[in-house]
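Report on the following structure.
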Amino acid sequence: MWTWFYKLASPPYVYGAAAALTPWFLGLAAITMGYGLVAGLVFAPPDYQQGDAFRIIYVHAPSAWMSLFAYTSMAIAGGIALIWRIKMGHAVAAASAPIGASFTLLALFTGSLWGRPMWGTYWAWDPRLTSELILLFLYVGVMSLRSAFEDPARGDRAAALLGLVGLVNVPIIHYSVLWWNSLHQGATVAKLGKPSMPGSMLWPLLSMLLGFMLFYGAVLCVRLRGEVLNRERQAKWVREAIKS
Amino acid sequence: MGAGGDQIVMGNGFWSMGGYARYVWPCFAFTCLVLAWNLWSANRYYVAARLRARRALAAALAAGEEQ
């Protein structure tokens, strides 16, 4: 197990693995998202209360999930880099941040458009919405902090620390609908064993979630290759790799 | 959730989304935009990094020849 872990610390291995995985992630993302879109937009029945407006869930929920997933990945990668001094951890964290920020923006935008017909307003200072907005600010803070230092290593460490501190916001976002009175609906899928959706609505949603995760993986791999090249520019293996 | 029954939404009703078209379609359009931007910007970042590495290599080779 440790051999595998140490392999992940090797820049040439990460660079090569990212290159090999990208087309697989992209291809599978296209298939799962294609199925999710067609099944969600065409075959799923309208909701008995929300009508066809509920179809926004097929882009809103996956983007919201991915905003949390990308942040958690970023914070864990930064934490690994801080604790074990693995440089690739910082590279993964740096590559993950802009993708996660874009998913957070997407979740806020689609949630706002869904909120207008359902709640009568585009925005409310609701615990779920506010904590998701704080997540966007955290992403922006982490990215800004990383580039604010002249010494990239110090920027990496500061960004990893802020990422770890901000991790406290992730359970707050997830449980905000339970801890406080919220306009936002409670969990529909995450209720273990008994999701409150029929299969015809649920499967496209799960497929979209998988598609978003695979897409995140693909974009992360491409960004990661750029990060590795930027960080290892002077290394001999990079010179060999870009010659070919 | 769920009205039950297998209903296929197509034709005019599909595009009007039961009167919610102005909320539903912008969400999907913005999603496409964000996903496309992610791919484009990641690729641009990678290409720029590769170019910088090539320049660094060329500079190192030129410095070696001068010596």
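The values are calculated or read from the model by the stated rules, or taken from the named source; none is laboratory data. Note that the structure is a prediction, hence the values are computed from the model and not measured. Please note: Cβ atoms are built from the backbone with ideal geometry, for glycine as well, and neighbour counts cover all protein chains shown. Calculation scope for accessible area: heavy atoms of the full protein, side chains included, ligands and nucleic acids excluded. Shrake-Rupley method; radii C 1.70, N 1.55, O 1.52, S 1.80 Å.
A:Ser102 contributes about 10 Å² of solvent-accessible surface, heavy atoms of the protein only, 1.4 Å probe. Spin-label model, A:Tyr175 to A:Ala148: label points 7 Å out along the Cα-to-beta-carbon direction sit 3.0 nm apart.
Over region A:1-86, the pair-distance histogram of Cα-Cα distances with 5 Å bins from zero comes to 3, 11, 12, 17, 16, 13, 10, 8, 6, 5, 1 percent, rounded to whole numbers.
A:Val165 to B:Ala21: FRET efficiency via 1/(1 + (r/R0)^6), r the Cβ-Cβ distance, R0 45 Å, to the nearest 0.05? Walk me through the intermediate numbers first.
On the way: r = 42 Å, r/R0 = 0.94.
It comes to 0.60.
In the protein assembly as shown, taking the dipole from charged Cβ atoms about the Cα centre, the farthest positive-side position among A:Trp2, A:Ser102, A:Val222 is held by A:Trp2. Rg/Rh for region B:26-66 stands at 1.43; both radii use Cα atoms, and Rh follows the Kirkwood definition.
Taking the inverse of the mean 1/r over every pair of distinct Cα atoms in the protein assembly as shown gives a Kirkwood hydrodynamic radius of 21.0 Å.
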